[in-house]
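The values are calculated or read from the model by the stated rules, or taken from the named source; none is laboratory data. Keep in mind it's a predicted model, so treat the numbers as computed, not measured. Don't worry about glycine lacking a Cβ; one is built from the backbone with ideal geometry, like all the others, and counts go over all protein chains shown. Only protein heavy atoms, including side chains, enter the accessible area calculation; ligands, DNA and RNA are left aside. Shrake-Rupley method; radii C 1.70, N 1.55, O 1.52, S 1.80 Å.
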Amino acid sequence: MSRRTALALTTLATAASLGACVVLPVDPATGRPYPPHGHDAYGQSVTVVTPPAPVAGLPPAVTVLSARLYPLNQQANKGGMLTASVIDNNTGRGTFTIAYLGDSMQGEATRVDSGYAAFGRIHNEVLGYSQRSFNGRRGIANAYGSKGVNVQCEYVVTGPTMGTGVCQFSDGAKYQMHFGT
């Protein structure tokens, strides 16, 4: 038998033996194969592979909220419209970043409940004193930059990525904040 014929027969025998192989997914909880769930158009058994459930103890997925800040006074006009980012870890806390007058400010954002007594103070200082109703998830955010300026914000998230708020900078700049994509 020629070398070419032997190679062809070996290849054919290997292909024929593999045709009977079936890969079965294994349930990590039991170590046993998942049972088949039906048949295809040729009557062959079909196994549906279900992705594993999330592992307990892993942190929840993060949500990124982008915000636009619009100037409300002369000092804020120097900075113009700003963009901020809240990275919500869905644990009630997250990070808050904003660029202001060439300074990259870093801080944190925290959800607060309706009983948080100080909520509304920044709204009053930025927008003036008036009776307000806050409907939605409340939050506060603070950041500090290397140039010595800090910012305090209050916001209310009214949808998955929507909301409004206000920010006051330590140099006197006042901004109104809008979340949304």
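Summary table
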{"read-out": "Residues that are free of Cβ contacts under 8 Å to residues at least 12 places away in the same chain and either in a loop (DSSP other than H, G, I, E, B) or surrounded by 14 or more Cβ atoms within 10 Å (Cβ to Cβ) (or both), drawn from region 119-147", "value": "GLY128, TYR129, SER130, GLN131, SER133"}
{"read-out": "Count of residues meeting criterion [within 20 Å of SER66 (Cβ to Cβ) and not acidic (Asp, Glu)] in region 102-121", "value": "7"}
{"read-out": "Some residue of region 170-179 being among the polar types (S, T, N, Q) and more than 18 Å from ASN77 (Cβ to Cβ)", "value": "no"}
{"read-out": "Residue in region 107-119 that is under 21 Å from LEU72 (Cβ atoms), at pLDDT 95 or above and of a type outside the set (Val, Ile, Thr) present", "value": "yes"}
{"read-out": "Where a residue in region 68-82 is of a type outside the set (A, V, I, L, M) and its partner, wherever it lies, is open to solvent by 80 Å² or more (accessible area, probe 1.4 Å), with Cβ under 9 Å and at least six apart", "value": "ARG68/MET81; ARG68/THR83; TYR70/MET81; PRO71/ASN77; PRO71/LYS78; PRO71/MET81; LYS78/LEU101; GLY79/LEU101"}
{"read-out": "Residue, nearest to the chain's Cα centre (by Cα), within region 81-106, restricted to residues that are open to solvent by less than 30 Å² (accessible area, probe 1.4 Å) and within 13 Å of PHE169 (Cα to Cα)", "value": "ILE98"}
{"read-out": "Hits in region 148-173 (condition: outside any loop (DSSP other than H, G, I, E, B) and either free of Cβ contacts under 8 Å to residues at least 24 places away in the same chain or surrounded by fewer than 20 Cβ atoms within 10 Å (Cβ to Cβ) (or both))", "value": "ASN150, GLN152, VAL156, THR164"}
{"read-out": "Residues of region 126-168 satisfying the condition of being under 16 Å from GLY94 (Cβ atoms), among the β-branched types (Val, Ile, Thr) and touching a Cys at 6+ places or on another chain (Cβ under 9 Å)", "value": "ILE140, VAL151"}
{"read-out": "THR95, sole failed condition from (1) in a strand (DSSP E or B); (2) polar (S, T, N, Q); (3) at pLDDT 95 or above", "value": "(3)"}
